[in-house]
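Below you'll find the structure, written out as structure tokens, and then a few comments.
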Amino acid sequence: MSDDDLFARLRAYEGRPAGSGGGRDPVNATMIGHWCEVMGEAGPAYTGPDPVAPPAMLQVWIMAGLSGPGSAPGESGDSGVSRRSPAYDELFALLESAGCTAVVATDCEQEYVRLLRPGDVITFDSVIESVSPRKTTKLGTGHFITTRTEIRANGELAGTHRFRILKYAPVADPRPASAERPRPVINRDNAGFWEGVAAHKLLLQRCGECGTLRFPWLPGCGGCGSALWEAVEACGAGTVHSYVVMHHPPHPAFPTPYAVGLIELAEGVRMISNVTGIAPERIRIGMPVELEFVRAYGPADEQELPVFRAGVKT
Ligand code: ZN
């Protein structure tokens with residue numbers, strides 16, 4: 001199919017429905033409170049005893065939840081909640097058959113028509129507003145697809161949400177992946193830390209004015225702003241405060257799966273490092289770990305890295 005033929009077929013979807021449904025929950029003060037806390041929104045209209053929803057929450061009320069449409073308790077799969085239209089699925093299938101397998105969201109515009117208040121019952125429907133001609137971007141070549149969603153409260157228009165994505169054929173990265181693990185970037189601000197590592201010491205900074213410990217190394221104190229500091233050695237004991245197990249993307253220097261831990265040191269500061277000595281699926285939050293230094297670049301390479309070994313005695 002030529003590019004022109006493809007574009008003609010894609011454009012035929014303009015004006016067709018993209019989806020429709022209802023809000024998973026009515027507008028409610030609990031979600032307004034959580035959203036304001038996360039966003040740092042302190043306006044009295046939103047945080048007082050009888051709040052309205054911040055207009056920028058518009059999309060929140062039509063989101064389907066973590067597990068997607070049809071997953072909320074009591075929500076039957078055929079109730080029409082948050083359902084994508086067959087036309088939208090066809091449009092995606094057509095783009096994918098033309099090699100546009102990747103997708104990235106590019107921008108969003110909203111218009112607010114009326115305030116939303118607790119108790120408002122939300123419904124919406126979306127239309128495929130436009131499909132752009134073929135465009136070439138740094139990511140690859142593809143088409144921008146814009147959907148326009150009208151969001152209603154108790155049947156009355158409350159706002160519109162226009163959302164644009166690029167559906168594209170990704171260009172392969174021409175740079176060959178280096179097989180070597182990236183090396184630490186050592187600069188004037190953190191040179192003392194790496195000198196410590198070379199001497200098998202994990203050094204933290206302690207503010208010379210207020211005494212606050214900090215990591216990673218920085219020129220100034222986040223607490224009081226002072227540029228005075230001294231290095232103090234951590235004892236090496238810590239616990240797993242949080243972690244992720246990496247499966248993707250593959251990289252020749254990082255055989256997957258491997259675990260990246262956020263380690264809370266006994267001194268109270270946290271650092272990111274690898275958790276070693278344990279299968280990634282057995283790592284648990286709160287697990288004790290112990291500092292060790294490894295030659296991650298091979299036995300003959302003097303650069304060492306601090307990592308944290310699990311399975312130590314409690
Ligand atoms: Zn300080």
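The values are calculated or read from the model by the stated rules, or taken from the named source; none is laboratory data. Because the structure is predicted, anything quoted here is derived from the model rather than measured. We place every Cβ from the backbone using ideal geometry, glycine too, and count neighbours over all the protein chains shown. Protein only, heavy atoms only, side chains kept; ligands, DNA and RNA dropped before computing areas. Shrake-Rupley method; radii C 1.70, N 1.55, O 1.52, S 1.80 Å.
Structure above, values below:
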| item | result |
| --- | --- |
| Degrees separating the helix 86-97 axis from the principal Cα axis of the chain, which is the longest one | 60 |
| Ellipsoid semi-axes in whole angstrom, largest first, where each is sqrt(5λ) of the Cα gyration tensor of the stretch 186-233 | 19, 11, 7 |
| Solvent-accessible area per residue for the chain (1.4 angstrom probe, square angstrom) | 56 |
| Computed accessible area, Cys210, all protein chains, 1.4 angstrom probe, square angstrom | 70 |
| Expected-Rg normalisation [2.2 N^0.38 Å, Cα atoms] applied to the stretch 216-268 | 1.62 |
| Gyration tensor over alpha-carbon atoms, the stretch 237-314, equivalent ellipsoid semi-axes in Å | 20, 16, 11 |
| Efficiency of FRET from Cβ geometry, Asp301 and Met39, R₀ 41 Å, rounded to 0.05 | 0.35 |
| Reference-scaled alpha-carbon Rg (2.2 N^0.38 Å with N residues) for the chain | 1.34 |
| Label point distance in nm, Arg188-Thr141, each placed 7 Å from Cα along Cα→Cβ | 4.8 |
| Dipole of the chain, positive end: most advanced residue of Ala237, Ala179, Asn190 [Cβ charges, Cα centre] | Ala179 |
| Of all accessible heavy-atom area on the chain, the percent that carbon and sulfur account for (1.4 Å) | 55 |
| Solvent accessible area, Å² - His241, 1.4 Å probe, full protein context | 70 |
| Taking the chain and dividing mean pair separation by its residue count, relative contact order in percent (alpha carbons under 8 Å, at least six apart) | 13 |
| The stretch 3-170: translational diffusion in µm²/s, Stokes-Einstein, Kirkwood Rh over Cα pairs, 10 °C, 1.306 mPa s | 92 |
| Calculated from backbone phi, Karplus (6.51, -1.76, 1.60) coupling profile of the stretch 104-116 in Hz, x at Gly/Pro | 9, 6, 10, 6, 9, 10, 10, 10, 10, 9, 8, 5, 9 |
| Over the chain: helical MRE at 222 nm, DSSP H runs n ≥ 4 each giving -39500 (n - 2.57), nearest 500 | -4000 deg cm²/dmol |
| Of every Cα-Cα pair in the stretch 91-172, the percent that sits beyond 21 Å | 41 |
| Virtual spin-label span in nm between Asp25 and Met63, 7 Å along Cα→Cβ | 1.2 |
| ³J(HN,Hα), Karplus 6.51/-1.76/1.60, whole Hz, each residue of the stretch 228-241, x for Gly, Pro | 8, 7, 9, 8, 10, 8, 6, 6, x, 8, x, 9, 6, 7 |
